[in-house]
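Throughout, read-outs are computed from the coordinates displayed, never taken from laboratory work. Not measured: the values here are computed from a predicted model. We place every Cβ from the backbone using ideal geometry, glycine too, and count neighbours over all the protein chains shown.
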Amino acid sequence: MRHPPDLYAVLALDLGTFTGWALRVEGRLESGVQEFAVKRGESPGMRYVAFNRWLREIATPLLDVAADGRLALIAYEAAHHRGGAATEIANGFTTRVQEHCARWQFNHVSVHSATLKKWVSGNGRASKDAIAEAVQRRGWLPAGSHASALTDDELDAIGLLHYVEAEVLGPK
């Protein structure tokens, strides 16, 4: 059964140094990108401190929804274990999302990138341009946005949000 948009809040995250996010609350869609690069002279752990602070802020609307007895959900693209700094950062952010969800009793779900790409574009190995074109063609962009003005990370988060609404919360 499909839940009407006013019965839930979803935060979708494409985790990384440039974290794309899409948030639907009360039926309204917002999206953006947040950077978590370590500044010169900072400890690498500062990116996680900054991420935790940002997650508390961006997820605040989910607290209100959950307090009203409605569904609050955070979705994220599953980290790939290819090694290197990008995997380490994505894994670190994943654990912080799970911890945040446990602390505030939010639901969470991870989605493999190939599953998401296939659902959005029809091809599990779709290019970034194919994802951007599919998101725009389907009319999923926030009001007043154009795909060419958004980053790949933001477009992935928007696609993830729509995937969760259709496949996790229930088909139309």
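Structure data summary
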| read-out | value |
| --- | --- |
| For the chain, built as a Gaussian network whose Cα springs stay under 10 Å, the top-fluctuating residue of Pro44, Pro61, Pro142 | Pro44 |
| The chain: most fluctuating residue of Gly27, Gly16, Gly83 per GNM, C-alpha cutoff 10 Å | Gly83 |
| Tail beyond 30 Å, pair distance distribution of the chain (Cα, percent) | 13 |
| FRET efficiency, Glu88 to Leu7 (Cβ-Cβ, R0 30 Å, nearest 0.05) | 0.25 |
| Calculated FRET efficiency for the pair Leu71/Phe18, C-beta based, R₀ 45 Å, to 0.05 | 0.95 |
| Relative contact order %, the chain, counting alpha carbon pairs below 8 Å whose residues are six or more apart | 30 |
| Only Lys, Arg (+1) and Asp, Glu (-1) charged, at Cβ; the range 33-88 dipole about Cα centre in debye | 200 |
| CD proxy at 222 nm, helix term only [per DSSP H run n ≥ 4: -39500 (n - 2.57); per residue of the chain; nearest 500] | -13000 deg cm²/dmol |
| From phi via Karplus (6.51, -1.76, 1.60), per-residue ³J(HN,Hα) for the range 153-163 in Hz, x at Gly/Pro | 5, 5, 5, 4, 5, 5, x, 4, 4, 5, 4 |
| Extension reserve of the Asn52-Thr151 stretch, reckoned as 0.36 nm per residue once the Cα distance is removed | 33.4 nm |
| Max mean-square fluctuation residue, GNM over the chain, Cα-Cα springs under 10 Å, options Ala126, Ala75, Ala149 | Ala149 |
